[in-house]
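In what follows, a single structure is set out as structure tokens and then discussed.
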């Protein structure tokens, strides 16, 4: 199993990017389905959890629609030219229809029996699109051709927001630039209307979105100047009429009518959801402060919930009475990730720019935002063209006790800069502002780092900032002498260094913290961190230094630098000489904190390539060309919770840390040794339908009861217990939960099933390994939250029992070992098909 | 050095009165308008909304309501408590009847035009019978407390809906009883506030539409007394409301200056269920829109900012043309300024006084477009106040500046003005002959030797002016075929040989002044004459019509000139014909006999007859592009119309001498500052 899977590393998208290519869809039983990159994600509205990720499309998913004739099925369209029909409750693709050309949007109508509508590019013409209806054949088989296309409308726009279908599918309306066209299916009549194209002082008139009234002949259109027009009487070419609603000051991004059509929802850049009653200008309600511009609005079919998708990939769920209910947020897309990718040592979360002025802590495992820390602490105004303060640099101390942030407001005349130092307060479990330094440098801060010394945390903690004002500054903690101060320490500047009046661009401490390397344009200077003497300089003219880093562990005598003329240099600090250099245009240079490996990402001829090397040998250990088509901007090694067992020698560098990188479209990717099938096999989460029973007192009680019962069983006999536990094993669960029509034949399943009941010898060794791991950390469980809660409750329960005797406690330990064993069970059988 | 030295006059402090009410003639082509100063104006739809008739106001007579009855009879009623009938051919009040219920707030005629209903201060609704030669009191309807602010007849004439404070009532006309009483009040936090029903309309379906002081337009079922629909259109009051004749469209005007259209639209295609939907908002006014009217092709609104806005309904238009233009009228379509060319004086006509100004002068010269410093400032010489409540009909100053004449409804005044150094003395000319008054237009001969007075029944009187300060009635011209309408425009030739007069029937008569007889009649054209003038050298009469056509008629030869025929054959430029305001004055340049100087409110034009006419593909307003072209290319691009839009709104333009022009402007902002402050509205981004 291991050997074939290790054949190649796969690039896996795991978050970020502009995820949402289409409006979200509420299923009939309150799940939310979202197009997300190449996948369709299913969220539970109740728990905000990602229940299922349905993959299978080879390109961006551009539209999802429930099958109007079966609300348990979902159509999805993609740029790869296929329409897939899913059973989303089980996450199984039922059918794939190949259309051929790119599909840019999908519409399914209840009135059309067996066809859906898609937008495709017009063949032979650039940037012209047409709305076509696709007949989905009912033939047997999974992969079908759908070539029966008939053009409905020509000259439409590509975005799904630009077309809407009217009541009962009587007509379709499409907008493009300043033109509106309405096509009546029965009468086969096409009416065109237009608004004046002149850009007046109040902005331009262009259409930006459209929605149709569910029961009346009424169309609402949004415009770039923030107006909403309500069109009526549009079956007359001349006597059509419209009224105008105006609240938005910027582009109306999306519109949606309520289920009965009595109210209209609109959203835009202002991050305010507006509810218009009776299409009247005077009666409206607002839901403000949604955080970021609204991109799409969709409503549940029963009208109880509404959901807005935002440009920063957040999903907000809103009650029918316009109250904020829940928010589903993965990696928040910010305008520009200027902080870089930083790993929080405490939570192992990825830290980067979040919503404007905030720092987001993103949990990689659960694809959820842990929390968002407001750094700038100022009201953000959602309006284009304003210069507002934003976070530009962030650094953590080695233990995550201190956090340094830099915010700046770009202004040509006087830039505003602020350096803030935050202390982690154990009590409140959050960062607390300790010191604020106004204008730490005269000009922009280019880099910032803490001295990483694990053992001597507080006293030796040093922060170095480099600035465009040609100096680097060393900041240290000092005792606060002011008796009124609430805190005992604060930060102040200790040393200012410069080198020939060059701009300081990067800084980096060696692993033991004794040396500081600061790059000044073309030169790298090495300073003693105790006396602040300049030790030596390196340069590789004429290139300016782009990145520097020290080697780690066995390679700590090397300093690596990348220059912008395309050279990667390795200097030996002992001999002060160039060890080796390679011609490579390195964009990102990222050392692994837990090993000697350094990853370098280059950008050459429109593709990114990854090189992994050790500083002591000029030959890379691993090369992956054509990592992705986008430019990779940032990368980070995230330590794994437990070292992964990796078969191939080539991938040993991935054993202890995982490499994540962020492209310029803010797509977060990682490298995986697992094969596609393996990743797609349902994890315990996907079976969470049952397990995600809400935490009620009853369920806790039930869980406790079951535990106690099983403990009693253990006393009775080990074998019996095992049998009972085995029933819960993934293989059995898989067997029981997979729908019958996709299961292989019984003769094939039987041996697997029997095998799963047997106690294999291998398990013994696995148990030993697990034992060691258990010593290291208690946090290795990756079960769902609920289950963890249950065990915690259980542990609390057992603690008074400890007084009675050690036996029960030990038994629970052994039980955990078994649990772990079960987790390591090989259920790779599913990958066979 | 530019072509002309221009006196840019901005000291004419005219403040037009606000529009109080509007009335469209049923199935007709006329619109009656009453202003807050009591003036009544009639606009003719067929003649491009030309302001055809003006009845100047009277301080003692306010007009709160106007209505057309019995065909083309116009009635007005006001807070004076009288109902007046207007004589539209003599442009004065024909007779008036006391309503007997205190101040009258509203008046409505039934659909056949045989009965008038008035709503009075004391809460009574009275019916009057329209009889030939007047009106006759018929009966009182059920009287309750509270002034009746608005009235509307049901199209079948059986019921009347009346709006009062907090309540609307429906009367049965035959029994005179109140058959329905609907409270329209408004509750805010249990506090009852007074709700004024400003306007009401009774639809044939039985729906009563009201607009009230809380910004609501409400639709009531009068028989059940229930509210059908309520639309809040504004945070301030909705003051006026008008329904189209097909009853499928309503226009409402609010006190913020916005007007809205409501349309009765089917909910679904082909279904019978229809609903009133607020469709188009318009914001043309800055102040209260006190009056709206709905003609078959246009939405008409008039506000306290003195603007009359005519917004055509594009869907009712057959083609894009001058009918489809949005028109905004602020200033009257006739001249209120007269100019003494030789003496360089300007006479401004206000509603109750005249001002005589001497123009400033300069002795410097400068480049084109340069502002020259004045060596003598313009001087306000005389203010002549008319006595009594009547407003001035017309006024004129003689070219030499020593005679000033004006007329009110009942009196005619002629003054002799003498200039002694810096001082000015005004002496009233005694023993002015008794004439048929009022005079509608006054015109002095170019040698200041005689005065022509346009009068009723198509007649023109000629007065001989005698030195020092006397006059004598010389002759009265009358069209040979007779004419019931008054003369409203006069033109006299520079040599004192010819006089042209236009009456309300738009016929142009030319009289010979030497032998005091009728010379000829210009062939009839079916549009109103807006301006006319006689060329000083060729004695050609140039006529501008309200459809923007231009004609040149040779008086000695009694026929249209060759140039005029050429213009008619090739047609005028499209952009010229689509202009929305009429030519109000024509003058000539003696230096360049081929030049005709014309102007309307928005432009000043030098029409050069020697140049070719532009075709529709050419740019009409090409002066700015011509300036950038080299000399040779410019010659090719030249055409007859040289248009200048620098002076706006232009009330008067005249040529003082060969190279000196006077332009009288009244910048809109200047007179807006004299109006009361509009309702404060929060504007986003300010």
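Each reported figure results from applying straightforward, stated rules to the coordinates on display, with no laboratory input. Small disclaimer: the values here were computed from a predicted structure and weren't measured. All Cβ positions, even for glycine, are placed from backbone atoms using ideal geometry, and neighbour counts span all protein chains on display.
Under the rule a/c < 1.5 gives rounded, and otherwise a/b versus b/c splits prolate from oblate, where does chain B land using the Cα gyration tensor? It would help to have the intermediate numbers written out before the result.
Working: a/c = 1.93, a/b = 1.58, b/c = 1.22.
Here chain B falls in the prolate category.
In nm, to one decimal, how far is the modelled label at residue A:215 from the one at residue B:98, with both set 7 Å along Cα→Cβ?
Roughly 6.0 nm, to one decimal.
Taking the Cα-to-Cβ direction at residue A:665 and at residue A:438 and moving 7 Å from each Cα, how far apart do the two end points lie in nm?
Label-label distance for residue A:665 and residue A:438, simple model: 4.4 nm.
Is there a simple number for the mean count of other chain Cβ atoms within 10 Å of the Cβ of residues in B:227-235, and what is it?
2
Assuming 0.36 nm per residue, please report the length gained on full extension of the stretch residue A:236 to residue A:301 beyond their Cα-Cα distance.
Contour length minus Cα-Cα distance gives 20.3 nm.
Could you rank the peptides B:416-429, A:73-86, B:553-566 by their average count of other C-beta atoms within 10 Å per residue, with the highest value first?
In descending order of packing, they fall as A:73-86, B:553-566, B:416-429.
What order do you get for A:277-288, B:454-465, B:660-671, A:60-71 when each peptide is scored by the mean count of other beta carbon atoms within 10 Å, highest first?
Ranked from most to least packed, the peptides come out as B:454-465, A:60-71, B:660-671, A:277-288.
Once every DSSP H run of n ≥ 4 in chain B is given -39500 (n - 2.57) and the sum is divided by its residues, what mean residue ellipticity at 222 nm do you get, rounded to the nearest 500 deg cm²/dmol? Show your work: numbers first, answer last.
Details: 5 runs with 31 residues, N = 686.
My calculation for chain B gives -1000 deg cm²/dmol from helical runs alone.
From other protein chains only, count the Cβ atoms within 10 Å of every residue's Cβ in A:214-227, then give the mean.
The mean count of partner-chain Cβ atoms within 10 Å per residue comes to 2.
Find the relative contact order for segment B:566-686 and round it to a whole percent, using C-alpha pairs within less than 8 Å whose residues are 6+ positions apart.
So the answer I get is 22 percent.
How many angstrom separate the Cα center of segment B:549-566 from the Cα center of segment A:273-307?
About 68 Å separates the Cα centre of segment B:549-566 from the one of segment A:273-307.
So what is the relative contact order of chain B, in percent, for Cα pairs below 8 Å that sit 6 or more residues apart?
Numbers: 1808 pairs, mean separation 58.3, N = 686.
The value is 8 percent.
Over what distance in Å are the Cα centres of segment A:131-181 and segment B:48-101 separated?
Here the answer is 63 Å between Cα centres.
Decide, for segment B:1-61, between rounded, prolate and oblate: order the square roots of the alpha carbon gyration tensor eigenvalues as a ≥ b ≥ c, take rounded if a/c falls under 1.5, and otherwise choose prolate if a/b is larger than b/c, else oblate.
Oblate.
Please sort A:89-100, A:25-36, B:284-295, B:135-146 by packing, taking for each peptide the average over its residues of neighbouring beta carbons within 10 angstrom, highest first.
B:284-295, A:25-36, A:89-100, B:135-146
Going by a ≥ b ≥ c, the root eigenvalues of the Cα gyration tensor, does segment A:331-439 fall in the rounded group (a/c under 1.5), the prolate group (a/b larger than b/c) or the oblate group?
Oblate, since a/c reaches 1.5 and b/c is not below a/b.
Can you give the average number of partner chain beta-carbon atoms within 10 Å of each beta-carbon in peptide A:339-350, as a whole number? Present the calculation step by step, with values, prior to reporting the outcome.
Working: counts 0, 0, 0, 0, 0, 0, 0, 0, 0, 0, 0, 0.
Across the residues of A:339-350, the mean count of other-chain Cβ atoms within 10 Å is 0.
When all alpha-carbon pairs of the protein assembly as shown are counted, what percent fall beyond 56 Å? Don't skip to the end; give the middle numbers.
Values: 545459 of 1152921 pairs.
Tail of the P(r) past 56 Å holds 47 percent of the pairs.
Pairs of alpha-carbon atoms within less than 8 angstrom and 6+ residues apart define the contacts here; what relative contact order does segment B:19-141 have, in percent?
Values: 314 pairs, mean separation 18.9, N = 123.
Value for segment B:19-141: 15 percent.
Which of A:40, B:6 comes first, and how do the rest follow, when ranked by fewest Cβ neighbours within 10 Å?
Working: A:40 26, B:6 20.
Exposure proxy ranking, most exposed first: B:6, A:40.
Based on alpha-carbon centroids, what's the gap between segment A:598-619 and segment A:650-668 in Å, whole number please?
The two parts, judged by their Cα centres, are 13 Å apart.
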